[in-house]
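> I have a structure I would like to understand better, so I am pasting it below and will then ask my questions one at a time.
The values are calculated or read from the model by the stated rules, or taken from the named source; none is laboratory data. Keep in mind that this is a model prediction, so the values were computed, not measured. As a convention, Cβ positions derive from the backbone with ideal geometry for all residues, glycine included, and neighbour counts pool all protein chains shown.
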Amino acid sequence: MIALALGLMLVAQQARGPEVMLAVDRDRVAPGDVITLTIRVVSDLSDPIRVDLPTLGGVELESRSERSDVSTGDKAGRSTWIELKLRAVTPGEWRLGPVNVRQGIAYAQGDAVAITIEGGTPAAVTASLSDRLSRIIPAGPAPERPRRGGNLGGALR
């Protein structure tokens with residue numbers, strides 16, 4: 001029994017807590033540009049990971065995606081990736097982070113990354129459907145326009 005307890009203590013000491021890494025795809029952008037902030041957390045522990053996202057100064061959140069992988073057995077652990085698409089808004093020097101992570105009783109912090117938003121006015125934003133949505137949504141005939149002096153499809157009599 002004592003050997004089992006000592007073995008469990010040894011395993012617990014060898015398991016590393018979470019490690020946090022932050023990266024951006026570009027560190028110099030113009031207003032209106034979209035950058036990707038990737039937060040990666042890797043741990044030898046398989047407990048769920050809680051990530052406290054940083055304050056996002058100078059940018060607006062466009063989208064967020066998250067993925068976690070858990071492995072068990074001899075090489076137990078967990079990896080979590082969070083990808084934030086951010087639109088640059090306010091010119092200046094900005095720090096994205098730090099990011100705080102908790103996993104069970106373990107705690108870690110990822111260092112902030114710096115970005116520079118250069119220039120003045122944001123680029124124009126245009127809206128369009130993705131290719132996938134364009135294939136799903138059928139292109140039907142244009143709606144009929146009411147005739148001058150007529151009724152609206154018989155709704156009013």
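> Among Gly104, Gly73, Gly97, which is the only one that is loosely packed, with under 13 Cβ neighbours inside 10 Å and at positive phi?
Result of the check over Gly104, Gly73, Gly97: Gly73.
> Now for a different question. Based on this model, can you work out whether Asp44 counts as modelled with pLDDT of 90 or more, under 17 Å from Arg16 (Cβ atoms), over 15 Å from the mean Cα position of the chain (by Cα) and surrounded by 15 or more Cβ atoms within 10 Å (Cβ to Cβ)? Write out each step before concluding.
Values: modelled with pLDDT of 90 or more: yes; under 17 Å from Arg16 (Cβ atoms): yes; over 15 Å from the mean Cα position of the chain (by Cα): yes; surrounded by 15 or more Cβ atoms within 10 Å (Cβ to Cβ): yes.
Yes: the conditions hold for Asp44.
> Something else: Take the residues in region 47-70 that are in contact (Cβ under 8 Å) with a residue 12 or more places away in the chain and exposed (fewer than 12 other Cβ atoms within 10 Å of the Cβ); name whichever of them is farthest from Leu22 (Cα to Cα).
Ser63
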